[in-house]
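*Asks:* Take a look at the following structure, please.
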Amino acid sequence: KSPESVGGIQFKLYNSPGAVPAGINSSDDCFTAEYNNLEEAYIGIIFSFEGCSYPANEEVHVADLVFQISPYVPIGVDLDLDFDYTIVADSEGNEVLSCGIGSSIQIGMPGDVNSDGEINVLDIVSMVSFALGTDYPNDIESWTSDINNDGIINVLDIVSIVNIILDN
């Protein structure tokens, strides 16, 4: 979000152990997104060949950062992302005051009990088995099944996952 229209963005993101930058995808077809993966950091740039700009005073999703995650990073861990600097230009190429706000990558998806990348009835079936005690979850299944993070897999988690599925 910016008080002025934005014609381009550049940022530097320090590499997080376990997450290697692998790409950047612009959310707007009128903008190009490129990156360079240095040893210690990921530098991204988003700009328009056509002179397009992001509108002023609107919250805009500009790009998706793509990472390869090490198979040694455990499910349920948050990997921190730290921005070093940002440069934002208006549509004329003048600098707009900006700052980078850190973020994180959450490894795994609560509700995806079988780790197939989707939350569906197969996950519910596993959760019911865990709640009834007819099957016992491993660490990953336990973390992804405990939707409300109360340390117990029960009907509260099952109803929550049903609602997640119905909302999609």
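*Asks:* In the list Ile140, Ile161, which residue meets the criterion of being part of a helix (DSSP H, G or I), aliphatic (A, V, I, L, M) and within 29 Å of Asn15 (Cα to Cα)?
*Replies:* Working: Ile161 fails: within 29 Å of Asn15 (Cα to Cα).
One residue alone meets the criteria, Ile140.
*Asks:* Can I ask one more? Name the pairs: first residue in the range 60-73 and closer than 13 Å to Leu13 by Cα, second residue open to solvent by less than 60 Å² (accessible area, probe 1.4 Å) and of a type outside the set (Lys, Arg), Cβ to Cβ under 6 Å, at least 6 apart or on different chains?
*Replies:* From residues that are closer than 13 Å to Leu13 by Cα, the pairs are Leu65/Ile24; Val66/Ala22; Val66/Gly23; Phe67/Ala19; Phe67/Pro21; Phe67/Ala22.
*Asks:* Let me ask you something else. Can you report the number of residues in the range 96-116 which are out of contact with any Ser or Thr (no Cβ under 7 Å at 6 or more places or on another chain) and under 23 Å from Gly7 (Cβ atoms)?
*Replies:* Residues that pass the stated criteria total 2.
*Asks:* For the range 51-82, enumerate the residues that are under 17 Å from Ile101 (Cα atoms), assigned to a loop (DSSP other than H, G, I, E, B) and not acidic (Asp, Glu).
*Replies:* Answer for the range 51-82, where residues must be under 17 Å from Ile101 (Cα atoms), assigned to a loop (DSSP other than H, G, I, E, B) and not acidic (Asp, Glu): Val60, His61, Val62.
*Asks:* Also, I was wondering about something else. Please enumerate the residues belonging to the range 37-66 that are among the polar types (S, T, N, Q) and in contact with a Pro (Cβ under 9 Å, 6 or more places away or on another chain).
*Replies:* Listed by number, the residues that qualify are Asn37, Asn57.
*Asks:* Still on this structure: From the list Gly18, Gly23, which residue is of a type in the set (Gly, Ala, Ser) and within 28 Å of Asn138 (Cα to Cα)?
*Replies:* Step by step, each of Gly18, Gly23 is checked, and only Gly18 is of a type in the set (Gly, Ala, Ser) and within 28 Å of Asn138 (Cα to Cα).
*Asks:* Within the range 1-50, take every residue that is aromatic (Phe, Trp, Tyr) and part of a loop (DSSP other than H, G, I, E, B) and give me the one that is least open to solvent (accessible area, probe 1.4 Å).
*Replies:* Looking at residues that are aromatic (Phe, Trp, Tyr) and part of a loop (DSSP other than H, G, I, E, B), I get Phe31.
*Asks:* Kindly indicate which of Val62, Val73 is surrounded by 11 or more Cβ atoms within 10 Å (Cβ to Cβ) and in contact with a Ser or Thr (Cβ under 7 Å, 6 or more places away or on another chain).
*Replies:* Being surrounded by 11 or more Cβ atoms within 10 Å (Cβ to Cβ) and in contact with a Ser or Thr (Cβ under 7 Å, 6 or more places away or on another chain) holds for just one of Val62, Val73, which is Val62.
*Asks:* Which residues, counting only those in the range 145-158, are touching a Phe, Trp or Tyr at 6+ places or on another chain (Cβ under 7 Å) and in a helix (DSSP H, G or I)?
*Replies:* The answer is Ser145, and nothing else.
*Asks:* Run down Asp139, Asp123 and say which single residue is more than 30 Å from Gly51 (Cβ to Cβ), under 26 Å from the mean Cα position of the chain (by Cα) and open to solvent by 50 Å² or more (accessible area, probe 1.4 Å). Quick ask: steps written out before the conclusion?
*Replies:* On the way: Asp123 fails: open to solvent by 50 Å² or more (accessible area, probe 1.4 Å).
Of Asp139, Asp123, the one residue that is more than 30 Å from Gly51 (Cβ to Cβ), under 26 Å from the mean Cα position of the chain (by Cα) and open to solvent by 50 Å² or more (accessible area, probe 1.4 Å) is Asp139.
*Asks:* Take the range 77-107 and flag every residue that is in contact (Cβ under 8 Å) with a residue 60 or more places away in the chain, in contact with a Leu (Cβ under 9 Å, 6 or more places away or on another chain) and open to solvent by 60 Å² or more (accessible area, probe 1.4 Å).
*Replies:* Asp82, Phe83, Asp84
*Asks:* Test of understanding: among Glu59, Glu118, Glu141, which residue is under 26 Å from Asp29 (Cα atoms) and of a type in the set (D, E, K, R)?
*Replies:* The unique qualifying residue is Glu59.
The values are calculated or read from the model by the stated rules, or taken from the named source; none is laboratory data. What you see is a predicted model; the values in this text were computed from it and never measured. Ideal geometry is used to build each Cβ from the backbone, glycine not excepted, and the neighbour counts take in all protein chains shown. Surface areas here come from the heavy atoms of the whole protein model, side chains and all, with no ligands, DNA or RNA. Shrake-Rupley method; radii C 1.70, N 1.55, O 1.52, S 1.80 Å.
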